[in-house]
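Working notes, structure below.
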């Protein structure tokens, strides 16, 4: 039975989590998965995950947002308009590399079908590469899968590990996938929640650290086989998409600061941004309503001061760190394309290591 | 009968053009269109245009490249990797807004099918919005159209106006579409060619200038009706994609300089980057070979010095300016979706105005 | 007697100007010059110009701001914090290339001396190169000059041409310097002012256009000698700093859009961003108060919608275009370092050309 | 007696260091300090540190370079031209916040005086804030200090801790300052060196980790007093400048990748980029000669392939991590302005903690 990090008695940082320790702790943020697993006619270990802000009203009530590319060997659509406007106007999809496009167009169609007058036609779709476990050249996904992922989106607990876009992913040379976490901070008497969700498909075994302890070196290839014996195309491609959400009233420049702070959590776990990695981080803030209509009125906004942001920065770092670790501890061993197997981290070994070393 | 600007006796700047006054004057650059026009079951006035560098070897012999977003209300895929690596590793597609994704994925599939070992899976697809003349919500395009556009790509003269991705476009409130132009410069005894190709779908009538003369004010709505009486979604969406190619040995930072210089030509014609416009400019340079294989060897490169670039800057500005004007003068009047008509600029009126005013 | 462009009967665009057709039409924006001209012991043709927002309260009541680098062969301090925070917290200085640093530190000292508790210590100073007319290696400027420029800052009419930082500058191969202009637009019943101020030291004679007419080609070296016969260091260095101010309630991402729009006016006059040019554009918006204190409270803001910005974009382009032309028409012929002379554009010739050609 | 980290038996990562474990292990890179310490007439605990590439030929033999701003609440001059050209053409100065300008102008003067025909006039100066130990408003530094720092620059061992620009700095609430480290990697049979030098003035005690172990939590305020009881201006200002050097033949886009990789080492030690922190990272590569003259010839370059860069990425992360720790372990307790004391980390306590916990 797989467990989340905290179920193993391991906590990252000192800030309290939200109710579900998930991105859905940010009010209105839903998560929906469509997992696609079958062996015939061609092996599918893939899917799509949707992060859906504002209870799916995001298509006509935008959110301030920004992204940071730590290592741009990956794809995310909608970036020029996010840069220009500082806004997110769609749900956020995460899927496999070959089908970011069909997922993106499906979101356009969804917007047109459901919200005609204010259809938002520059949606955000992103990807990591699952071609080691998934026969990615089979292009398994269709518009229907995207619609289902949106339809499946819910608040509350979030499924992690081998689900949705994370189905076939590999992280720090263990089985990876979807992970999530959250933190609650108080600023001048107000509570704000920061949530993170990752599709984790990056990293080396030997660099993996859990709360500083170099667990990856201790669970070497002698204990758990490495995947990637024969990397596709002669080079390992790997990536992580990190989505950070908050209910704090942040401006786009401040979302950008949060997006870049995801690097901190990523680095603590052992990410270094290898050449083949597409490490793209997006942060959005729902603390201001930005309705598409009426079109003519000035917007009234609130903004946290920059000097008030440190707790949010810490919360982002911690939530991202724990999200990546949750992706690893919840993902089960999976066998896929060409009979390859990616192994889940052995939780008993992890617990034992942490027990010995975590005396502080 | 539509004509190119020079066939009307109007020249932009003083630099000589290449043989075809087209982006294909840059050795190895091919252009292919797939135009999609029909009225049933739903009205199609759309298509896809492919700019194919290195005689289609671009998929495994990359080119240095960079982009500049003048107004990011548009889409282009592949940008994070272009920023990170400074390289282009695919053909460049331009199509309509709703189907940038399917075109992008089709290029992934093309790369996998044709070049398996070095498949480049972060291709560049871009878009402008043709939803006034084209029933864009019908999603007309398929993977086959993309394959055909690549198959159609040729060197030599380039079809302009209502073709490929430009089929349903509108520019400065006249019919627009695809336009191209080139310039040849000499630097320290070496000749270099700069070519531009635009998919022009932007701009106000009253701001249109031809070689400085405010032609748009002189051919007002009283003479030629304006399109967009009832803009879709209550707001005009418009855009221009500009592709700049050169055979000069430029580094990525220098490609970025060329990409931003496209703004100059764009501004001279009357572009101002209105909010709804997706004005994204990409420049690539084929002067260095960047083969995908062998993977292990140091690359040997040449580089023009920064202080040698001024002629290329001027060439870019002039070629872009003339490309936009070519898109306008070659595009024929078109009637499309909901019986709407976008009118080609009347060439006789244009010639007459220019004759009177161009005494300098 | 030198004149502004409108005094010659030439108007750019159709929008109305503010009362003084100057950046000071934006309420609270002051401009102060300290001009430094003497021949002994070493030739000085230099100075410093200060743009001082919020009636000099900018040091503790910030403004949203952003910059755009069209060609970064120049300097401006304070950029990382402006990128990070979206804020301007100091006056803006423009001076000569060699002394941007002393001017910057003088502003730090000014802030410490005048506003201790909220001293802003990352001020914005910028520069263009006046070393053809000014013996720049003499480092003429001191902290006192900076203090005097701030003390001299006033609202109302702005001195243009050979004043302040613009004293020794050359533009489109005529004498250049400081120029300014403004526009008033109406958005949903509210009036907003956009003002521009330039320190213009860039451009080629043959590319100069006045409202589209290629005036530079018509007033060739046969009529008015070119400067730069022997360029210092074998290469022409030139630059333009453009400051755009508005009282509209814009966010930082929107200021960035305005800053980039300065390119449009710059291009229309004939700027192309040659390699040696430092063309850096900054826009700030005073429509929201951002007091440094109290430190703990949420900020309440207003924001124009992105789709409401087009009039501001047009106003920026037109005001910048006219500012550059004002710098040229107001600057008198000057003789300086090594007996070199830069000639003011002959206003009679300009008027005659414009009379003949401006029939539209 | 203070020690470097390795003298305490602690090593970061597994890659070998260069001969001196210093940025000077990159051939041609010199480091010079000018430390300014006195108590009368006003308390000085400041200075300037110079990183001088190519044995001080950098002024006319440039290096490819790029920077990354992790948190831009700090200053660095010369950034627009570095972005535009991808080049560094001066030594790199690090000093205190109030005098970045005078240091920058002094470098202009130095360039003019020493290298007239190719004087590089957009030099790189950067800063962190030492106003807690140093009476920063006294503006202690002069042009002579800058000249001396350059004159003092040498290869071989680098002084660390309370020297040069690092004199008055504080890091993770212990005394900080200058630190350096290096790594050697092998790529396809060639050896390349990566060196880092930091001016470390950032971070919280409780977040400090040494090779993953949360040392900061274990040496709390009860054991070693925290500085900053009364922060100047009611807010803690802190920062880190990180300089990364390599002899590998990298292009500017690749330098940018290295610059951003500095974040990894920074995060592992406990940096999170608090609001008041100016965390600006610069990387340069000397593997290609870029002589200013002759001006007319094409440059011939070599370039490592992107997929060969992973060892350099790891080396950067490790060298930065160790540099920050070296700054902390070498810096002695210092008393300065207003009698304030910043304490050096107690090396015996550090050693003991590490002995207990480093069993892996």
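No lab work stands behind these numbers, since they all come straight from the coordinates. This one's a predicted model, so the numbers in the text were calculated from it and none came from an experiment. Glycine gets a Cβ as well: all are built from the backbone with ideal geometry, and neighbour counts include every protein chain shown.
Tabulated data
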read-out	value
Inter-copy separations for residue A:296, label at 7 Å along Cα-Cβ, nm, ascending	4.2, 6.5, 7.0
P(r), alpha carbons of chain A - 20 Å bins starting at zero, rounded %	34, 58, 9, 0
Tail beyond 20 Å, pair distance distribution of segment C:209-360 (Cα, percent)	62 percent
Label-to-label distance, nm, for residues given as residue D:190 and residue A:289 (7 Å Cα→Cβ offset)	6.0 nm
Length-normalised contact order for segment B:87-172 - Cα pairs under 8 Å, 6+ apart - percent	35 percent
Kirkwood hydrodynamic radius over Cα pairs of segment C:161-253, then Stokes diffusion coefficient at 10 °C and 1.306 mPa s, in µm²/s	103 µm²/s
Cα Rg, Dmax, segment A:60-192, angstrom units	16.3, 53
Reciprocal of mean inverse Cα separation for segment C:131-205 (Kirkwood radius, Å)	14.6 Å
Pairwise FRET efficiency - residue D:217 versus residue A:154, Cβ, R0 = 30 Å, nearest 0.05	0.20
Segment C:111-267 pair-distance distribution - Cα-Cα, 10 Å bins, rounded %	8, 29, 34, 21, 6, 1
Fewest-first sequence of C:328, D:280 by Cβ atoms within 10 Å of each Cβ	D:280, C:328
Spin-label pair residue D:338/residue D:117, simplified geometry with 7 Å Cα→Cβ offset, distance in nm	5.4 nm
Peptide B:272-284 - average C-beta neighbours from other chains (10 Å radius)	4
Efficiency of FRET from Cβ geometry, residue D:226 and residue B:297, R₀ 60 Å, rounded to 0.05	0.65
Relative contact order %, segment D:34-95, counting alpha carbon pairs below 8 Å whose residues are six or more apart	40 percent
DSSP beta bridge pairing in chain D, given as percent antiparallel to the nearest 5	80 percent
Relative contact order (percent, whole number), chain A, Cα cutoff 8 Å, 6+ residue spacing	25 percent
Rounded to whole Å, sorted largest first: equivalent-ellipsoid semi-axes of segment B:15-80, Cα gyration tensor	26, 19, 15
With eigenvalues of the C-alpha gyration tensor scaled by 5 and rooted, segment D:1-121, Å	27, 22, 16
FRET efficiency, 1/(1 + (r/R0)^6) with R0 60 Å, evaluated for residue B:355 and residue A:143 via beta carbons	0.65
Candidates D:14, D:167, D:272: whichever shows maximal mean-square fluctuation once chain D is modelled as a Gaussian network with Cα springs under 10 Å	D:14
Gap separating the Cα centres of segment D:25-41 and segment C:300-342, nearest whole Å	43 Å
Inter-chain shielding of B:67-76 (mean C-beta neighbours from other protein chains, 10 Å cut-off)	6
Footprinting exposure proxy for A:255, C:171 (fewest neighbouring C-beta atoms within 10 Å first)	A:255, C:171
Residue order, fewest to most surrounding Cβ atoms within 10 angstrom, among A:299, D:209	A:299, D:209
At 7 Å out from Cα toward Cβ: residue C:339 inter-copy label distances (nm, ascending)	6.7, 7.9, 9.2
Shielding by partners - mean other protein chain Cβ count within 10 Å, residues of C:99-109	6
Within a Gaussian network of chain B (alpha carbon springs, distance under 10 Å), most fluctuating of B:142, B:35, B:286	B:142
Cα gyration tensor shape of segment D:279-360, rounded if a/c is under 1.5, else prolate or oblate by comparing a/b with b/c	oblate
Directionally averaged projected area (convex hull, Cα atoms, the protein assembly as shown), nm²	45.9 nm²
Antiparallel content of DSSP bridges confined to segment A:197-323, in %, to 5	40 percent
Shortest-first nm distances, residue A:190 label point to equivalent points in other copies (7 Å, Cα→Cβ)	2.1, 5.4, 5.8
Rounded to 5, percent antiparallel among DSSP beta bridges of segment A:62-195	70 percent
Cα gyration tensor shape of segment D:75-149, rounded if a/c is under 1.5, else prolate or oblate by comparing a/b with b/c	oblate
Alpha-carbon centroid distance for the pair segment C:58-130 / segment A:67-119, whole angstrom	36 Å
